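Working notes, beginning with the structure itself.
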Amino acid sequence: MIELKPQGLIGDSPAFRRVVKAARMVAPTDANVLLIGEGGTGKEVLAREIHGSSRRAEGELQVFECTGIPRDERDGGLDAAFRGAGGGTLFLREVGELPADAQARLLRLLEGGPGAPRGQVRIIAATSRDLWQIVQTGEFREDLYYRLCVVPLELPPLRDRV
């Protein structure tokens with residue numbers, strides 16, 4: 001059960017309560033989650049709460065920063081993060097910034113393709129961008145979008161929280 005703590009998630013607006021309720025419902029499942037919201041809304045805090053309330057809580061929560069990945073580290077870094085989360089959760093911070101070649105590699109990892117590490121990993125991805133819009137412009141793979149956006153949770157901006 002996700003508990004609201006002063007050092008964790010803060011808010012009491014109806015929109016925020018809906019997000020927390022949905023997070024409580026999805027936490028015990030293995031469904032991939034896409035957290036959407038402006039910077040500073042608590043996407044990583046919510047990801048940690050979902051992981052900590054899941055049956056994967058005994059496993060690692062690996063955080064992979066999708067922005068500013070050096071070209072020579074894109075595949076290896078993603079593979080290492082995926083392996084490190086084996087049996088746990090991989091949190092993809094700012095997934096909308098993931099370069100095209102890394103998007104293809106992530107999709108292969110999720111599908112268990114050649115070279116994919118063994119062991120299931122739950123994905124929680126976060127973005128401050130409108131991911132569907134960047135799918136429409138061709139900047140983000142549609143097939144990857146559907147793999148990540150099984151359960152979308154949109155965090156309300158801080159200005160809309162009581």
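Annotation: amide H-H contacts under 5 Å for LEU153 (H modelled 1.01 Å from N, sequence separation of 5 or more, or interchain): LEU34, LEU35, ILE36.
For region 122-139, 3J(HN,Hα) computed residue by residue from phi via the Karplus equation (6.51, -1.76, 1.60; θ = phi - 60°) reads 8, 10, 10, 10, 10, 8, 9, 9, 7, 4, 5, 5, 6, 5, 5, 8, x, 7 Hz, glycine and proline entered as x. Amide H to amide H, with H built 1.01 Å from N, LEU61 comes under 5 Å of THR89, counting only residues 5 or more places away or on other chains. Each residue of region 81-96 was assigned a 3J(HN,Hα) from its phi angle through the Karplus curve 6.51 cos²θ - 1.76 cosθ + 1.60 (θ = phi - 60°); the sequence is 5, 5, 5, x, 8, x, x, x, 10, 10, 9, 9, 7, 6, 4, x Hz, with glycine and proline shown as x. At the residue level, ARG18 shows approximately 150 square angstrom of accessible surface with a 1.4 angstrom probe and all protein chains present. For VAL151, the accessible area of its heavy atoms, probed at 1.4 Å with every protein chain present, is near 40 square angstrom. Here, P(r) means the percent of Cα pairs in each 10 Å bin from 0 to the largest distance; for region 82-161 it is 17, 49, 26, 7, 1. Using 0.36 nm per residue and subtracting the Cα-Cα separation, the extra length available between GLU38 and ASP130 on full extension is 32.1 nm. Using θ = phi - 60° in the Karplus curve 6.51 cos²θ - 1.76 cosθ + 1.60, the 3J(HN,Hα) couplings for region 37-49 round to x, 4, x, x, 8, x, 4, 5, 4, 5, 4, 5, 5 Hz; x is entered for Gly and Pro. Counting 0.36 nm for each residue step from GLU154 to ALA15 and taking away their Cα separation leaves a gain of 49.1 nm.
The values are calculated or read from the model by the stated rules, or taken from the named source; none is laboratory data. Just so it is clear, the model here is predicted, and its values are computed rather than measured. Note: areas computed on protein heavy atoms with side chains; ligands, DNA, RNA excluded. Shrake-Rupley method; radii C 1.70, N 1.55, O 1.52, S 1.80 Å.
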